[in-house]
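Student: Below is a structure I'd like to ask you about.
The values are calculated or read from the model by the stated rules, or taken from the named source; none is laboratory data. Treat the numbers as computed from the prediction; the structure is a model and nothing was measured. FYI the Cβ positions are ideal-geometry reconstructions off the backbone, even for glycines, and counts take in every protein chain you see. Ligands, DNA and RNA are excluded from the accessible area calculation, which covers all protein heavy atoms including side chains. Shrake-Rupley method; radii C 1.70, N 1.55, O 1.52, S 1.80 Å.
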Amino acid sequence: MENKNIIIHDLIIPHINKKIDIELVRGLNYLRGDNGCGKTLLLDYIAGLRKQKKALIQGNESIIYINQTIFFSDRLLGKDFLMFVYRLDSIKNEKITFENYIKSFYGDSEKSKFVFELIGKQWGMLSCGEKNFLYAVILLSLQREWYILDEPFAFIDETRKKFLWDMIEEKVNVGKGIILTSHEEQEWIEGKAHIIEFTETGIKNYN
């Protein structure tokens, strides 16, 4: 696929009255701002969940949106969610494909085994952090040009944060685009990212 950036023109975020004109470049983009400033609304528009007739958004044709809302029955297993997602993406041999992807990072280590144990458990038996982690890991294993992650580290322990970060960095290293929001370890993230900060009237790009 052509190496596209995401271009946004004349997007007015409702209720907070902010005008967005920006080009998001391939690599790691960090959206910085206080709660309620419009970060998640902007992500919804980029992902196509919200529409605005007068706005122009280009380059967002191939996106995975890992948001903060997970709708999945507590009685189903993690592997049922994996199967559901992979079959929507027309991926066969779901379990083997997923296991090979995880092993590409950590081989047969305890870190990989932990992920495989999670997919064998009922969704309702997982902690909030485990649900968020498994949800993000499964969706990051899909192939897209852009990945939007809205607070992906929330409630996740340090070991699993490192796992997610390794997956994110692998995407960046192969030329994918990442749009990330997070209130955790901001200085650590900012040292690696293009910084986009929400202001009173819109956003400002520091890179």
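Student: If you check Ser73 against the conditions, is it over 16 Å from Glu200 (Cα atoms), open to solvent by 40 Å² or more (accessible area, probe 1.4 Å) and of a type in the set (Gly, Ala, Ser)? Break it down into steps so the answer makes sense when it comes.
Tutor: Working: over 16 Å from Glu200 (Cα atoms): yes; open to solvent by 40 Å² or more (accessible area, probe 1.4 Å): yes; of a type in the set (Gly, Ala, Ser): yes.
In short, yes.
Student: Please find, within the range 170-191, the residue that is surrounded by the fewest Cβ atoms within 10 Å (Cβ to Cβ) out of those that are acidic (Asp, Glu) and at pLDDT below 95. Spell out how you get there, then give the answer.
Tutor: So the first thing to find is which residues in the range 170-191 are acidic (Asp, Glu), and the list is 170, 184-185, 187, 190.
Filter again for at pLDDT below 95, leaving 184-185, 187, 190.
Numbers: Glu184: 13, Glu185: 12, Glu187: 6, Glu190: 14.
Among them, the one singled out is Glu187.
Student: Additional query: What tally of residues in the range 146-155 results from selecting those that are open to solvent by 10 Å² or more (accessible area, probe 1.4 Å) and either at pLDDT 95 or above or among the hydrophobic types (A, V, I, L, M, F, W, C) (or both)?
Tutor: Residues flagged as open to solvent by 10 Å² or more (accessible area, probe 1.4 Å) and either at pLDDT 95 or above or among the hydrophobic types (A, V, I, L, M, F, W, C) (or both) within the range 146-155 amount to 2.
Student: Pick from Asp44, Asp74, Asp34: which is charged (D, E, K, R), over 17 Å from the mean Cα position of the chain (by Cα) and at pLDDT 90 or above? Explain how you work it out, then say what you get.
Tutor: Numbers: Asp44 fails: over 17 Å from the mean Cα position of the chain (by Cα); Asp34 fails: at pLDDT 90 or above.
Asp74 is the lone residue from the list that is charged (D, E, K, R), over 17 Å from the mean Cα position of the chain (by Cα) and at pLDDT 90 or above.
Student: Quick check on my filter: what residues within the range 149-162 are within 14 Å of the chain's Cα centre (by Cα) and farther than 14 Å from Ile66 by Cα?
Tutor: At the first step, the residues of the range 149-162 found to be within 14 Å of the chain's Cα centre (by Cα) are 149-154, 161.
Lys161 - this is the single residue of the range 149-162 that is within 14 Å of the chain's Cα centre (by Cα) and farther than 14 Å from Ile66 by Cα.
Student: While we're looking at this one, here's another question. Kindly provide the set of residues from the range 87-145 that are farther than 17 Å from Glu169 by Cα, touching a strand residue (DSSP E or B) at 6+ places or on another chain (Cβ under 8 Å) and buried (at least 20 other Cβ atoms within 10 Å of the Cβ), ordered by number.
Tutor: Result: Ile119, Trp123, Tyr135.
Student: For the range 1-65, list the strands (runs of 3 or more DSSP E) that sit wholly inside it and hold at least 3 residues that are open to solvent by 20 Å² or more (accessible area, probe 1.4 Å); which are they? Steps first, answer last, please.
Tutor: Values: elements: 6-13, 18-24, 27-32, 56-58.
Result: 6-13, 18-24, 56-58.
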